[in-house]
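Below you'll find the structure, written out as structure tokens, and then a few comments.
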Amino acid sequence: MKKARLVLEDGTVFEGISFGADKESSGEIVFNTSMTGYQEILTDPSYKGEIVAMTYPMIGNYGINEEDIESFTAHANGFIVKEFCPEPSNWRFKSKLENYLKENGIVGIAGVDTRALTKRLRIEGTMKGIITTKEKEIDELIKEAKNAPGLSGRDLVSKVSSEEPYTEGESGQYKVALLDCGAKKNIVRSLVGRDCEVRIFPAKSSSEELLAYNPDGIMLSNGPGDPEDASYVVETVKELLGKKPIFGICLGHQMLGMACGAKTYKMKFGHRGANHPVKDLKTGKVYISSQNHGFAIDVDSVEELDIEVTHINVNDRTVEGLKHKTLPAFSVQYHPEASPGPEDSHYLFDEFIEMMRDHKN
């Protein structure tokens, strides 16, 4: 098999073999600690601009199926694994992981010491890097890695959002307008499964367009990049506050917080995986959550605002949930819809339904 190299901007080099598209790709290197769900990870729009390293040692053992795709295409810039499985075994699989990567133009590299890579990212923080199968000098590749675009300073949301409005689950009891910043399909499925008609709107839709649909509630979706680079979404959320119940997830959580005056910051290496403990400050319960984010709400900026922190991360005390003190609006940083993985937080969708029901009556 063809040789490939992963080069980080600090000069660190990992050698391996190519098992995806035969080309060169750069981006921010992040790691995900999930044991399963690589198909959902590859197709999660929130990974736009990122190269994902999986910490679980063998990836691809159950192949690729048609049911677990979370978007219209794969979005990750690249994929890093210790070992990929060339012969998957699962009753649902339709394709091999390596074939899927090739079909979607994603560079994959196997044979990398992902423990060493993850340790380096945890110590030094997220870095830009490049995966290549080309024969180039290391100095040239390091320079390319340093010059690769980061997540901040560019609008990635507009690159993954839907181009035109469309509807799922027609004739549901509740009408939900979903502002699509890169929404995962399972968010829509979670709403449709609770008897909702969901109208998906492009991220640059105005508040007037969403309200003209006469929804019972507004859903703010997940999405990629630095929330400060999608300020147009924040302005829309400001105009929607108080007019309809609002539920935000991941980037939508950050957008709600910023619309209320909170600030965000880039984390050292972020939260990505299906095993993050989150504490509900009201009940004291701890939930195991699925997460994918590199930015977070600054807890100090929430003080003296009309929002309160409802959930925190048990590991590092970062903000995981917000709620408006007087208006029907709340959000969480993690993914209550995520699957495979923990289903502890599905109740949040029920709370959104209840909020719409109360507001409707």
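With respect to residue 36, is the statement that it is assigned by TED's automatic domain parsing to the domain that holds residue 123, closer than 20 Å to residue 126 by Cα and either in contact with a Leu (Cβ under 9 Å, 6 or more places away or on another chain) or surrounded by fewer than 23 Cβ atoms within 10 Å (Cβ to Cβ) (or both) true? Taking the combined requirement at face value, the residue does not satisfy it. Quick check on my filter: what residues within the range 286-332 are under 30 Å from residue 361 (Cβ atoms) and polar (S, T, N, Q)? Of everything in the range 286-332, those that are under 30 Å from residue 361 (Cβ atoms) and polar (S, T, N, Q) turn out to be 310, 326, 331.
Would you confirm, using the coordinates I've provided, whether residue 103 is in the same structural domain as residue 132 (by TED's automatic domain parsing), free of Cβ contacts under 8 Å to residues at least 24 places away in the same chain and not β-branched (Val, Ile, Thr)? Yes, satisfied. Evaluating residue 86 against the criteria (1) over 18 Å from the mean Cα position of the chain (by Cα); (2) surrounded by 22 or more Cβ atoms within 10 Å (Cβ to Cβ); (3) in a loop (DSSP other than H, G, I, E, B) leaves one unmet condition, (2). Within the range 142-190, the set of residues being without any contact (Cβ under 8 Å) to a residue 40 or more places away in the chain and either buried (at least 24 other Cβ atoms within 10 Å of the Cβ) or over 16 Å from the mean Cα position of the chain (by Cα) (or both) comprises 143, 147, 163, 164, 166, 167, 168, 169, 170, 171, 172, 173. Of everything in the range 186-216 that is of a type in the set (D, E, K, R) and out of contact with any strand residue (DSSP E or B) (no Cβ under 9 Å at 6 or more places or on another chain), the residue that is farthest from residue 359 (Cα to Cα) is 204.
Being crowded, with 24+ Cβ neighbours inside 10 Å, within 14 Å of residue 107 (Cα to Cα) and of a type in the set (Ser, Thr, Tyr) narrows it down to one of 26, 46, so name that one. First the steps, then the outcome.
Numbers: 46 fails: within 14 Å of residue 107 (Cα to Cα).
Unique residue meeting the criteria: 26.
Look at the range 110-136: where a residue is in the same structural domain as residue 76 (by TED's automatic domain parsing) and at pLDDT below 95 and a partner is among the small types (Gly, Ala, Ser) and not in a loop (DSSP other than H, G, I, E, B), sitting 6+ places away or on another chain with Cβ atoms under 7 Å, you get 133/4; 133/18.
The values are calculated or read from the model by the stated rules, or taken from the named source; none is laboratory data. Computed from a prediction, not measured in an experiment: that's the story for all the values here. Using ideal geometry, Cβ is built from the backbone for each residue, glycine included, and neighbour counts are taken over all protein chains shown.
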